[in-house]
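Remarks on the structure that follows.
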Amino acid sequence: MPKGYWLATYKKIESKDNLGNYAAKATETIKSYGGNPLVRGGKYKRLEGDDFPRTVIWEFPTYEAAEKCYKDNPIILAYPNKRGMTGTQKNKKN
């Protein structure tokens, strides 16, 4: 089965404290579905297009596991949009 991936790009971060609190809760939840963080912030350089201050990429054992994690936990995983950390998440098959 092909692996599944989440790509989350944050358009703005108004509170690093809120981001840290959210990340702790979300990380525990995502890992319980087999999620493995590949990219979580770090140094970057925008070469073109819109700037995103934070990008997170999660790898899951299957595409179905990635979808199930999101569908089973919409409140926890939608938290950034309610706390001044707007972003987007995409599921992708590999």
**Study point:** Built amide H within the under 5 Å cut-off of Arg54, gap 5+
**Key:** Tyr10
Practice item. Go through Lys12/Lys43; Lys43/Lys71; Lys16/Lys43 and tell me which ones have a Cα-Cα distance over 20 Å in this structure. Key: Lys43/Lys71
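The numbers here are math on the coordinates, done by the rules we state, and not lab data. Because the structure is predicted, anything quoted here is derived from the model rather than measured.
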